[in-house]
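Structure first, commentary second.
The values are calculated or read from the model by the stated rules, or taken from the named source; none is laboratory data. Note that this is a predicted model, so its numbers are computed, not measured. Cβ coordinates were reconstructed from backbone atoms using ideal geometry, including for glycine residues, and neighbour counts include every protein chain displayed.
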Amino acid sequence: MAGYKIRDLEILTGIKAHTIRMWEKRYGLLTPQRTNTQIRTYSDNELLLLLNVSLLNKKGIKISRIAGMTSEQIFETSRGLQDSVDTDTAIEQFIVSVLQLDEQLFHKTFQELALKTNLSGIFSDHIIPFLNRIGIMWLVGTINPAQEHFISNLIRQKIIAAIDSLPVPDPNQAKIILYLPEHEWHEISLLVYHYHLRSKGFNSIYLGQALPYGALIKTVQFLKAKLLVSSWLTAIEPQQILDHFSQIEEELDSVKIVAGGYQIDQLESLLPKKIKRIHTLSDLENLI
């Protein structure tokens, strides 16, 4: 069972820490444990309860009314409202779908968003922030590998289906290669990049997970690609990342290189100037 600090709850639920403390003190919604140093810690069940409280509150139900409900009533009322998804509650509903392994809720939430915005908007405004929250849950131990695989595969299916619905680009266009380095298997961000580029008419070519370095170099040379895009999430020695890009610069001097992901964030000030960091889908498009 995970032990969340109040800052973790703030990140995962989107509710400010001072609001959580007020609800706790005034309404008794949560009953945290305390460490020897008097730091509040919260359980998995309290996280799930708070996510459902947030859903109800965002749907217009006053906190004083919610506080008068039992936990079972809160969950039941929340389930009744899950038929009506809005952009303010989508991420919370995605998180609930992970905790409860609820594929139906995930699909329903995604489909409701698709009626209101395009897929690039869903990925950039909802899926990526959701995955950032899931990363916190992974770090504090609230989700296990099965839950992480469950949601990753659902998201992956959505992105691949979206890519497959797009026309194949003109092969005579300049080629953009997307790849993950040899140690890296987390492909969702890169698939989102691929979808976005294809949706804008660019000739992006996706080479997938854990691509051997030699194969990457040969493919770039064979296709005469003008741009390389990669994503780095798995923790490795920083020098390995710097060496990777330095080697590419030596062998592929005319190729533009962009990269994203948590590990790149940590090394941004150390990267060669030629390597461009991407934070958003707009960054990627602008660099092209």
Revision key, fill the gap. Per the filter on the stretch 43-80, residues of a type in the set (Ser, Thr, Tyr) and either more than 17 Å from residue 24 (Cα to Cα) or under 24 Å from the mean Cα position of the chain (by Cα) (or both) are 43, 54, 77, 78
Exercise for review: Give me a count of the residues in the stretch 138-187 that are among the small types (Gly, Ala, Ser) and over 22 Å from residue 107 (Cβ atoms).
Suggested key: 2
Review point. Looking at the stretch 162-220, which of its residues are surrounded by 15 or more Cβ atoms within 10 Å (Cβ to Cβ), over 22 Å from the mean Cα position of the chain (by Cα) and among the aromatic types (Phe, Trp, Tyr)?
Key: 202
Exercise for review: Run residue 236 past the list (1) within 26 Å of residue 149 (Cα to Cα); (2) buried (at least 21 other Cβ atoms within 10 Å of the Cβ) and report the number of the one that doesn't hold.
Suggested key: (2)
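Conditions tested, residue by residue: (1) of a type in the set (S, T, N, Q); (2) farther than 22 Å from residue 113 by Cα.
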{"site": "8", "(1), (2)": "no, yes"}
{"site": "13", "(1), (2)": "yes, no"}
{"site": "58", "(1), (2)": "no, no"}
{"site": "74", "(1), (2)": "no, yes"}
Review point. Which ranges mark the helices (runs of 4 or more DSSP H) fully within the stretch 38-90 that have 2 or more residues being modelled with pLDDT under 80?
Key: 44-58, 71-81
Review point. Of the residues in the stretch 191-208, how many are free of Cβ contacts under 8 Å to residues at least 60 places away in the same chain and among the β-branched types (Val, Ile, Thr)?
Key: 1
Review point. Which residue pairs have Cβ atoms under 7 Å apart, sit 6 or more places apart or on different chains, and have a first residue in the stretch 47-72 that is assigned by TED's automatic domain parsing to the domain that holds residue 16 and a second that is of a type outside the set (Gly, Ala, Ser) and loosely packed, with under 15 Cβ neighbours inside 10 Å?
Key: 58/88; 63/27; 67/27
Exercise for review: For residues that are of a type outside the set (A, V, I, L, M), surrounded by 13 or more Cβ atoms within 10 Å (Cβ to Cβ) and not in a helix (DSSP H, G or I), tally how many sit in the stretch 1-37.
Suggested key: 5
Study note, to complete from the structure: When restricted to 52, 45, 57, 36, the only residue in contact with a Lys or Arg (Cβ under 9 Å, 6 or more places away or on another chain) and not basic (Lys, Arg) is 52
Practice item. Report yes if residue 42 is outside the structural domain of residue 144 (by TED's automatic domain parsing), buried (at least 19 other Cβ atoms within 10 Å of the Cβ) and in contact with a Gly (Cβ under 9 Å, 6 or more places away or on another chain), otherwise no. Key: yes
Review point. Residue 116 is checked against (1) more than 30 Å from residue 193 (Cβ to Cβ); (2) touching a residue at least 12 places away in the same chain (Cβ under 8 Å); (3) surrounded by fewer than 14 Cβ atoms within 10 Å (Cβ to Cβ) and fails just one. What number does that condition carry?
Key: (1)
